[in-house]
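Visitor: Before I ask anything, let me first share the structure, which is written out below as structure tokens.
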Amino acid sequence: MQMNLRSKKLFSLLLCMMLIVAMACSTTGCNEKTPPVQQTESQRIGEGDTKFTFLVFDKDGEETAFEVHTDQEIVGAALLELGLISGDEGEFGLYVKTVNGITADYEVDQTYWAFYVNGEYATSGVDTTKIQPGDVYAFRVEK
């Protein structure tokens, strides 16, 4: 009986370890890497002492680059002021629907605009992200 109990515990332990490894492998496989930020010729837009790079990736992956000049301190405020983005204010902040004249509508085709900072998915909204010298901000159409 004791040998049987020990075998069951060992089997349970091994099964748990295998499940943990399988879950780790499956979640890292789902983590989609974003393409590196490419250096492309950018359009200069706006006036001001602060300068940053803004990239737009449409649903086909085509990139448009801007060198934004502004006196704003928040990325979203600068982009709104220059007419590069628009959207709706909600309880969680600005929900960006249109970027550089391109609309992504989740209700129509399950696409939306995702905000990135330095090639990484942003941890804050565009309307709360402070402009940092040297940072690259981007919106990508995602599904």
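The values are calculated or read from the model by the stated rules, or taken from the named source; none is laboratory data. It should be emphasised that the depicted structure is a prediction, and the values quoted were computed from it without experimental measurement. Cβ sites come from the backbone with ideal geometry, for glycine too, and all protein chains shown count toward neighbours. Keep in mind that these areas ignore ligands, DNA and RNA; they rest on the heavy atoms of the full protein, side chains included. Shrake-Rupley method; radii C 1.70, N 1.55, O 1.52, S 1.80 Å.
Visitor: From Gly61, Gly76, Gly87, Gly46, grab the single residue that is small (Gly, Ala, Ser) and touching a His at 6+ places or on another chain (Cβ under 9 Å).
Guide: Residue meeting the stated conditions: Gly46.
Visitor: I need the full set of residues from segment 123-141 which are under 18 Å from Glu63 (Cβ atoms) and surrounded by fewer than 18 Cβ atoms within 10 Å (Cβ to Cβ), in order please.
Guide: Those that are under 18 Å from Glu63 (Cβ atoms) and surrounded by fewer than 18 Cβ atoms within 10 Å (Cβ to Cβ): Asp135, Val136.
Visitor: Mind checking which pairs have a first residue in segment 117-140 that is on the phi > 0 side of the Ramachandran plot and a second that is open to solvent by 90 Å² or more (accessible area, probe 1.4 Å), Cβ under 7 Å, 6 or more apart or different chains?
Guide: Once the first residue is on the phi > 0 side of the Ramachandran plot and sits in segment 117-140, its partners that are open to solvent by 90 Å² or more (accessible area, probe 1.4 Å) give Gly119/Pro36.
Visitor: Let me ask something additional. Checking the condition at pLDDT 95 or above and not hydrophobic (A, V, I, L, M, F, W, C), which residue from Arg44, Arg6 passes? Reasoning before the result, please.
Guide: On the way: Arg6 fails: at pLDDT 95 or above.
On inspection, the qualifying residue turns out to be Arg44.
Visitor: Select, from Glu63, Glu120, the only residue that is exposed (fewer than 13 other Cβ atoms within 10 Å of the Cβ), at pLDDT 95 or above and in contact with a Ser or Thr (Cβ under 8 Å, 6 or more places away or on another chain).
Guide: Every option except Glu120 fails the conditions.
Yes/no matrix, rows are residues, columns are (1) at pLDDT 95 or above; (2) small (Gly, Ala, Ser); (3) assigned to a helix (DSSP H, G or I):
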{"position": "Leu80", "(1), (2), (3)": "yes, no, yes"}
{"position": "Trp113", "(1), (2), (3)": "yes, no, no"}
{"position": "Pro133", "(1), (2), (3)": "no, no, no"}
{"position": "Val141", "(1), (2), (3)": "yes, no, no"}
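Visitor: Let me ask something additional. Please state which one of Val96, Val68 is part of a strand (DSSP E or B) and under 17 Å from Ser42 (Cα atoms).
Guide: Just a single option satisfies the conditions, and that option is Val68.
Visitor: Restricting segment 67-110 to residues that are within 16 Å of Thr129 (Cβ to Cβ) and of a type in the set (Ser, Thr, Tyr), which is most open to solvent (accessible area, probe 1.4 Å)?
Guide: So, considering only residues that are within 16 Å of Thr129 (Cβ to Cβ) and of a type in the set (Ser, Thr, Tyr), the one most open to solvent (accessible area, probe 1.4 Å) is Tyr95.
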